Every structure is written in C-alpha cells, then in structure tokens.
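Report on the following structure.
The values are calculated or read from the model by the stated rules, or taken from the named source; none is laboratory data. Computed from a prediction, not measured in an experiment: that's the story for all the values here. Here the Cβ is made from the backbone with ideal geometry for all residues, glycine too, and neighbour counts use every protein chain on show. Note: areas computed on protein heavy atoms with side chains; ligands, DNA, RNA excluded. Shrake-Rupley method; radii C 1.70, N 1.55, O 1.52, S 1.80 Å.
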Amino acid sequence: MNILLVIIGLFFSPPKSVYDFKIKTIDGKEIALSKFKGKKLLIVNTASKCGFTPQYEELEKLHQQYGKEVVLIGFPAGNFGGQELSTNAEIKEFCEANFGVTFLMSEKVSVKGGDINPLFAYLTSQENPDFKGDINWNFEKFLIDENGKLVHRFRSKVKPLDAEITAKL
C-alpha cells in the first residue's frame, strides 16, 4: 500500500512553484514558466470589455519600463460577465490595436469555477501576505518572486503603475 502511495506521489505531486506550469500563448505556442526562473513575474487576468480594460495601457508601460526585472503575462478570461472577446485572434487584435500590447499574452483561460486553469487554481490557493481565494474580478495581479513563489496579490483597483506594485519590482 505505501509503495502505491509513493508511486502516485511521483506522478501527481502538487506543484511547488509557478515554474511547475506550462502555458499556451495567445498564438498557441507552449511555454514552460520555468523559462523565467530568476525573474519576477506579474500575472494578470485581463478582459477586453471591462471598466478596468484601460489598465492595458499601464500594463504596457510597466512592461516597457520594468521588462528587464519582471515578466508580465496577461491571461484573458471571460469569467466576469462574459467581458472577454470570443477568440484568441480577436483578443490579440484588440490588445495590439487599442493599447499596443507587446507583453506576453496567454490563450483565453478560465480563472475561477469548475474549469479553472490549473495555474490559477494554484495561485488562488497559495498563502500570501494579502489574501487567498477566488479572483473577484478582471485585472487582479499576482506578483511572483524570482523563486516562483507568490509574494503579493493585488485587487483590480490597484493600477499597474501604482507605487504599491512598482516598489516591489
């Protein structure tokens, strides 16, 4: 019986950091987050038709100003009132045309509920100095340290260039 548990543990051990995850980009390419070891990550759930959508502009500025220190990844999601466009191609075109987005974008994902993306299931379950649990709305931000651990989480109202975020970059 113990041998069976050990074997199961080898194949199904819980993730130890975000570096244990892979994502698909908005263009359909798979990227292992371990590629970013040694850098901070700022992970943001985004939406194209939300009152917070103008934050894309500050996210792009943050990417331009702090890109050497932090990797910014946007995760489009339609979990809150269906405020995301239907396809990855539409999302990409919208972000580039309206905000000049050049930072890394994932494919459209779910950030809560029964079909939650595994990365967000992990992030929302982590202990951190701020809070844990479900994402409340679009444009929540997760700051990951150079070791792949969640260190801060910011609600939607905290803008990307607020000192609350930039002081930690």
- Message: Tell me the residue from 114, 133, 148, 74 that is open to solvent by less than 70 Å² (accessible area, probe 1.4 Å), over 20 Å from residue 57 (Cα atoms) and either in contact with a Cys (Cβ under 9 Å, 6 or more places away or on another chain) or free of Cβ contacts under 8 Å to residues at least 40 places away in the same chain (or both), please.
- Response: 133
- State whether the residues of the stretch 81-88 include one that is within 24 Å of residue 134 (Cα to Cα), in contact with a Pro (Cβ under 6 Å, 6 or more places away or on another chain), open to solvent by less than 40 Å² (accessible area, probe 1.4 Å) and not in a helix (DSSP H, G or I). yes
- Message: With the structure loaded, tell me whether residue 154 is under 16 Å from residue 80 (Cα atoms) and surrounded by 13 or more Cβ atoms within 10 Å (Cβ to Cβ) or whether it fails that test.
- Response: no
- Across the stretch 32-51, what is the total count of residues that are out of contact with any helix residue (DSSP H, G or I) (no Cβ under 6 Å at 6 or more places or on another chain), among the hydrophobic types (A, V, I, L, M, F, W, C) and in contact (Cβ under 8 Å) with a residue 40 or more places away in the chain? 6
- For the stretch 140-147, state whether one or more residues are in a helix (DSSP H, G or I), β-branched (Val, Ile, Thr) and in contact with a strand residue (DSSP E or B) (Cβ under 6 Å, 6 or more places away or on another chain). no
- Quickly run through the stretch 54-64 and pick out the residues that are open to solvent by 10 Å² or more (accessible area, probe 1.4 Å) and free of Cβ contacts under 8 Å to residues at least 60 places away in the same chain. 54, 57, 60, 63, 64
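Residue by residue through the stretch 89-138, note down the ones that are hydrophobic (A, V, I, L, M, F, W, C) and in a helix (DSSP H, G or I). Full working, then the answer.
Here is the first cut: in the stretch 89-138, the residues hydrophobic (A, V, I, L, M, F, W, C) are 89, 91, 94-95, 97, 99, 101, 103-105, 109, 111, 116, 119-121, 123, 131, 135, 137.
Once the filter is applied, which keeps residues that are hydrophobic (A, V, I, L, M, F, W, C) and in a helix (DSSP H, G or I), the stretch 89-138 yields 89, 91, 94, 95, 97, 99, 119, 120, 121, 123.
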- Expected output for the stretch 1-30 (first residue closer than 15 Å to residue 73 by Cβ and of a type in the set (Asp, Glu), partner modelled with pLDDT of 95 or more and surrounded by 10 or more Cβ atoms within 10 Å (Cβ to Cβ), Cβ below 7 Å, 6+ apart or cross-chain) is 30/22; 30/24
